[in-house]
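The values are calculated or read from the model by the stated rules, or taken from the named source; none is laboratory data. Only a predicted model underlies this, so the values are computations on that prediction, with no experimental measurement involved. Ideal geometry is used to build each Cβ from the backbone, glycine not excepted, and the neighbour counts take in all protein chains shown. The area values use the complete protein model at the heavy-atom level, side chains included, leaving out ligands, DNA and RNA. Shrake-Rupley method; radii C 1.70, N 1.55, O 1.52, S 1.80 Å.
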Amino acid sequence: MCLPAFPFKSPNTSTKVLGRLPDKAEEFALAHLNGLCAAIGDIYAPGARLMIVSDGLVYNDLLGVPDKDVWAYGEALRAIKARGDFRHIEFCRLKDLVHIDVPSELDEIRYVANATNFRHALLKQFGQPDYNVSLKISEDEDTCLTYRGYIKFLETDLQDVYPIGEGRSKSKYKRGIEYIAKQMLMRGDAFARAVRERFPDRLRLSIHPSTGENKIPISLLPTDTPFTTPWHCSIAFRLDGTTTTGHRSEFDADDTFELMYEDSRPSYFREKSDLLSWAAEKGGVKCEPLYPAGLMIKPAAGRNALSIRDVDAIKVRKLSQINSPVLLRDFAHTRKRNLFVEKAREFSALAPQRSAVAFENKDNSVVEDDLGNVPSVERMPFHHDGRYITENRSKEDGSKELIPTSNFELCTALTTQPKDAGYMLSSLPTLISKYTPAHLPPFSLRPQTSPASPPSPDSAATRGLPLLLIADHQTTGHLNLRFYEPRHRSRTGFDATYRTFDNVAAATDGCGQDTDAAEVVDDKSVCDALTSLLRDRRVTYYHAWEKGDLLVCGRFLTMHMPGHSAAGCDQEFWRVCFDCD
């Protein structure tokens with residue numbers, strides 16, 4: 001695939017964006033696109049790669065953006081890609097599309113010195129002298145949609161470059177914007193021809209609305225607003241992990257958000273909360289949003305500046321009830337067993353377990369009956385291995401139901417996970433609901449599981465008992481999806497599981513479905529759809545462990561499932577399950 005995009009930051013840094021260089025918005029956009037490619041690879045063995053073709057030098061002079069800024073923006077994007085290990089993303093510059101004698105390796109000085117030559121070569125080699133832009137706008141729907149998009153963002157992009165005032169009326173500014181938009185269309189036509197020649201076999205994506213005939217429109221950011229291109233907006237994160245975007249002026253004026261800095265530069269806004277601040281006397285902590293949800297907390301003063309003793313267990317637990325997982329990295333002494341268990345006790349009352357306080361999970365071991373030490377009989381990327389601690393309780397009508405008695409878990413990694421050995425997968429139901437297919441029944445189903453998995457002290461007593469598919473979160477009160485992925489016998493060394501659902505037919509009544517759609521809404525279709533969503537990279541955090549990582553999960557909020565892993569790796573972690581007092 002190829003995507004002409006990521007040109008440069010909007011020149012409007014007063015009300016629109018946070019600066020000239022990429023920030024957290026670009027980082028999340030690249031993560032979003034990398035996840036798209038990875039998701040394709042999950043179902044298509046050859047995989048997918050996305051070539052981002054920067055169109056910065058095609059338009060920057062029209063918007064008053066220096067060539068030097070385009071270079072700096074592109075270099076910073078490449079650094080984000082390397083830091084985030086976005087291995088499915090590639091980059092291409094205008095110099096790679098035109099035929100011009102320049103050094104194969106460009107530095108900033110050579111790039112800026114040749115910028116005008118690149119633009120001239122593009123128009124000379126791929127431009128159409130008889131291109132009638134006004135006629136194209138009136139006759140071609142794709143061109144018209146792109147033109148309208150240009151007009152919309154140019155109105156705010158250029159308000160600092162060409163301010164309205166003495167000598168420039170609103171109508172004159174509007175005419176100027178329309179002229180620049182048409183110039184962009186002319187150059188864009190030449191650029192599109194160059195991209196097609198350079199990448200004739202790649203699927204063309206576009207940030208602009210389209211009919212889909214020649215290019216596929218795509219949103220670059222996981223947001224609930226129309227602002228989907230990171231160079232035109234600022235990004236903000238709510239405490240529950242959801243993302244929103246807009247002009248920086250909107251967030252500057254909102255007292256519920258605060259501006260956060262990275263590398264001494266403004267990067268994103270986040271919802272204010274005292275849960276995100278502790279250990280100030282030792283330098284404090286920095287909390288960074290994870291894609292697509294969750295938080296990473298590190299000592300602000302650097303690696304090992306804080307130890308596991310300094311972790312504010314109550315604040316971290318409360319965070320995990322709102323936004324999970326919470327990853328604590330670069331804290332000292334996390335692999336000392338006595339300190340690990342001591343910190344677990346600070347979180348809350350330990351859940352009842354069969355023999356040991358801390359579960360030790362090791363890869364490629366022999367299963368033992370004592371579940372205090374749980375060797376994995378599966379390919380183990382440090383996933384939650386399915387042992388849900390529950391209690392069989394009687395209801396008022398005399399029937400039985402399973403009630404979780406452990407709603408949190410604290411894990412630490414004793415080893416660094418080998419590259420490409422697998423991931424721990426953690427899905428956030430608040431995001432799953434955003435992408436749930438329209439044909440699925442509403443929140444009125446109840447699943448049954450049979451048999452329980454894996455073997456546990458109460459497995460014989462709990463087989464076949466119903467578990468709520470949708471339940472109220474005990475802290476937020478929001479409806480929460482509680483779905484555990486079924487496992488075929490070929491995928492587990494424990495008992496296989498399957499799922500059935502009560503009330504499927506009744507729940508789908510009145511959903512406005514056509515006959516064909518209604519026919520496929522059965523146990524299997526619901527189960528398949530939910531299982532797919534559990535691994536959807538738009539809602540699922542794929543975690544690769546580093547030695548010493550601490551991970552806190554609200555198990556009522558997040559859902560864990562087995563990931564793919566290379567067996568036989570030297571992998572080990574400890575886990576303690578706990579609940580609120």
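More than 27 Å from Ile177 (Cβ to Cβ), of a type in the set (Asp, Glu) and at pLDDT 95 or above: does that describe Glu27?
In short, yes.
Among what's in region 528-581 and is in contact with a helix residue (DSSP H, G or I) (Cβ under 7 Å, 6 or more places away or on another chain), crowded, with 23+ Cβ neighbours inside 10 Å and in a loop (DSSP other than H, G, I, E, B), pick the residue that is modelled with the highest pLDDT.
Val539
May I ask you to verify whether Ala496 is at pLDDT below 70 and open to solvent by less than 10 Å² (accessible area, probe 1.4 Å)?
No.
Does Leu205 satisfy the criteria of being of a type outside the set (Val, Ile, Thr), assigned to a helix (DSSP H, G or I), surrounded by 14 or more Cβ atoms within 10 Å (Cβ to Cβ) and at pLDDT 95 or above?
no
Give the residue, chosen from Asp67, Asp23, that is within 19 Å of the chain's Cα centre (by Cα) and among the acidic types (Asp, Glu).
The unique qualifying residue is Asp23.
Could you go through region 280-298 and let me know if any residue there is charged (D, E, K, R), open to solvent by 30 Å² or more (accessible area, probe 1.4 Å) and assigned to a loop (DSSP other than H, G, I, E, B).
No, region 280-298 has no match at all.
Give the residue, chosen from Ile164, Ile177, that is touching a helix residue (DSSP H, G or I) at 6+ places or on another chain (Cβ under 6 Å) and free of Cβ contacts under 8 Å to residues at least 12 places away in the same chain.
Among Ile164, Ile177, only Ile164 is touching a helix residue (DSSP H, G or I) at 6+ places or on another chain (Cβ under 6 Å) and free of Cβ contacts under 8 Å to residues at least 12 places away in the same chain.
Out of the residues in region 230-255 that are open to solvent by less than 20 Å² (accessible area, probe 1.4 Å) and in a loop (DSSP other than H, G, I, E, B), which is nearest to Leu431 (Cα to Cα)?
Among them, the one singled out is Gly241.
Of all the residues that make up region 111-133, how many are charged (D, E, K, R) and either under 13 Å from Val70 (Cα atoms) or touching a residue at least 12 places away in the same chain (Cβ under 8 Å) (or both)?
The qualifying residues number 1.
For region 142-181, give me each residue that is outside any helix (DSSP H, G or I) and within 19 Å of Thr229 (Cα to Cα).
Within region 142-181, Leu158, Gln159 meet the criteria.
Considering only residues that are surrounded by fewer than 16 Cβ atoms within 10 Å (Cβ to Cβ) and in contact (Cβ under 8 Å) with a residue 12 or more places away in the chain, which ones fall in region 134-145?
Ser134, Glu141
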